[in-house]
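Coordinate-derived values only; no laboratory data. Since the model is a prediction, treat every value here as computed from it, not as a measurement. Here the Cβ positions follow ideal geometry from the backbone for every residue, glycine too, while neighbour counts run over all protein chains shown.
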Amino acid sequence: MKADAVRGHLDGLLLAVLEPGPLHGYAIITAVQRRSAGALELRTGTVYPALNRLERTGLLRSSWDSTGERKRRRYELTDAGRRALAEERTAWQAFTAAIGSVLEPAPHPGHAG
């Protein structure tokens, strides 16, 4: 899937995969890929700046996690992030309904195509 298709929806995707609980960056990328059945492959150069921005705006918080000798930053939703995710879902449903009504219009009664 083209990167342009994700633009404008990246924040919602990141917030959604963090909804079940905290994850580190690579796990976030993997979760998006898994949940999209491989259709969405996010690049680290796109994801990490977005995570930092979402943290600066208060939608995420992060902490350092030491697993063995590796230190990794784990991200999790804040209450504001949960509210933003709910708003993102509502906006997405309205958007897809509008696009769907244009691309696949309902047949008009009495019209033959």
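Give me the percent relative contact order of the chain, please, defined on Cα pairs under 8 angstrom at least 6 residues apart. That works out to 25 percent.
Sort out the exposed loop trypsin sites (Lys or Arg not before Pro) in the chain (DSSP loop, at most 14 other Cβ within 10 Å) and tell me the longest stretch that has none. Free of exposed loop sites, the longest segment is 44-113. Ellipsoid fit via the Cα gyration tensor, the chain: semi-axes of 35, 16, 11 Å, each the root of five times an eigenvalue, largest first. Its Kirkwood hydrodynamic radius, worked out from the mean inverse distance over all distinct Cα pairs, puts segment 54-102 at 13.0 Å. The label-point distance for R35 and A106, in a model that sets each label 7 Å from Cα toward Cβ, rounds to 3.0 nm.
The distance between label points at R61 and W92 comes to 2.5 nm (points 7 Å beyond Cα on the Cα→Cβ vector).
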